[in-house]
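Colleague: I'd like to ask you about the structure that follows.
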Amino acid sequence: MGKGCITATKYFLFLFNLIFFIFGATIMGFGLWILLDNQSLIAVLQDSSTVLKVVSYILIGVGSFSMVLGFLGCLGAIYEIRCLLGLYFTCLLLILLGQVAAAILIYVQRDSLRKETQEIVSQAVANYSGQNKTAEQAWDYLQRTMQCCGWLGSEDWKANPMIKNSSVDLYSCSCHNASLPPFSVADSGFCQASSNDLPIYETGCLDNVGSWLFTNYAIILGICLGVAVIELLGMILSMGLCKSVHQEEYTKVPKY
């Protein structure tokens, strides 16, 4: 490989690692969002699922590791350090294999994950007390923004003891259909209905969340494929540069 090709490979690898560093920061940020966010479905699930907390810690760890790896890759590329390039290739390979294994595991366990999610959310609805807890705020936010009521449907709220044992017709305020009167209700807690015909959304949040995922699946898939392609490109460039550096060092060795 000529000197020009080596230089081009070196700077392409540096650019790749800069992108990889940014991806690592994004993954770490996503893990921190899962851990700290209190305004989404994540917060509802997090209160009852230790698995989600473990996932958030894993994402933070993977993101941090990716940032360090990107930094080492930049050093190995700029200064042409073979041991760093080899270590970089090995770590990228392990990360790629781990991602594939995780994707396969999620696909195989998708039914049990769906069932666990349904149980957790159903329990959150049944235990809802309107006391402005973090998980309850997140659930109210989800129902308002997604314009839904309950997980499978508005019937889920009939399991809530506050509604079931009330002598008047109560409903979750965040279930209120904004197109129906009254037009000004609280964002959380329980509201009293003026008739048996509750002014609420009938669609469950499961359907709306599923619709959102279906609408944005191309973006999600594109991001996943983009990360995989970048990782493969980094492996190819690192091995190409490592081989070139080795050949260059070999040609410089004096022959007797």
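The values are calculated or read from the model by the stated rules, or taken from the named source; none is laboratory data. Here the structure is a predicted model, which is why all the values come from computation and not from measurement. When we count neighbours, we look across all protein chains shown, and the Cβ atoms used for this are built from the backbone with ideal geometry, even at glycine. In case anyone asks, the SASA skips ligands and DNA or RNA and just uses the protein heavy atoms, side chains included. Shrake-Rupley method; radii C 1.70, N 1.55, O 1.52, S 1.80 Å.
Colleague: Every residue in region 99-126 that is open to solvent by less than 50 Å² (accessible area, probe 1.4 Å), out of contact with any Gly (no Cβ under 8 Å at 6 or more places or on another chain) and touching a residue at least 12 places away in the same chain (Cβ under 8 Å), please. Let's see the steps before the verdict.
Modeller: Residues of region 99-126 that are open to solvent by less than 50 Å² (accessible area, probe 1.4 Å), as a first pass: 102, 117, 120-122, 124-126.
Going one step further and asking which of them are out of contact with any Gly (no Cβ under 8 Å at 6 or more places or on another chain), we end up with 102, 117, 120-122, 124, 126.
Answer for region 99-126, where residues must be open to solvent by less than 50 Å² (accessible area, probe 1.4 Å), out of contact with any Gly (no Cβ under 8 Å at 6 or more places or on another chain) and touching a residue at least 12 places away in the same chain (Cβ under 8 Å): Thr117, Ile120, Val121, Ser122, Ala124, Ala126.
Colleague: Further question on the same structure: Say whether the condition of being over 30 Å from Cys242 (Cβ atoms), hydroxyl-bearing (Ser, Thr, Tyr) and open to solvent by less than 80 Å² (accessible area, probe 1.4 Å) is met by at least one residue in region 130-137. Outline the logic, then answer.
Modeller: Initially, region 130-137 is screened for residues over 30 Å from Cys242 (Cβ atoms), giving 130-137.
Going one step further and asking which of them are hydroxyl-bearing (Ser, Thr, Tyr), we end up with 134.
Still in the list and also open to solvent by less than 80 Å² (accessible area, probe 1.4 Å): 134.
Yes, because at least one residue in region 130-137 is over 30 Å from Cys242 (Cβ atoms), hydroxyl-bearing (Ser, Thr, Tyr) and open to solvent by less than 80 Å² (accessible area, probe 1.4 Å).
Colleague: Would you mind finding the one in Leu206, Leu237 that is aliphatic (A, V, I, L, M), in a helix (DSSP H, G or I) and modelled with pLDDT of 80 or more? Explain how you work it out, then say what you get.
Modeller: Numbers: Leu237 fails: modelled with pLDDT of 80 or more.
After ruling out the rest, the residue left standing is Leu206.
Colleague: What do you reckon, is Gly61 buried (at least 17 other Cβ atoms within 10 Å of the Cβ) and small (Gly, Ala, Ser)? Explain how you work it out, then say what you get.
Modeller: Working: buried (at least 17 other Cβ atoms within 10 Å of the Cβ): no; small (Gly, Ala, Ser): yes.
Spelling it out, it is not the case that Gly61 is buried (at least 17 other Cβ atoms within 10 Å of the Cβ) and small (Gly, Ala, Ser).
Colleague: Output the residues belonging to region 30-58 that are open to solvent by less than 40 Å² (accessible area, probe 1.4 Å) and modelled with pLDDT under 65. Before the answer, list the steps.
Modeller: Let us first name the residues in region 30-58 that are open to solvent by less than 40 Å² (accessible area, probe 1.4 Å), namely 31, 34, 37, 40-46, 49, 52, 56.
Within region 30-58, Asp37, Ser40, Leu41, Ile42, Ala43, Val44, Leu45, Gln46, Ser49, Leu52 qualify.
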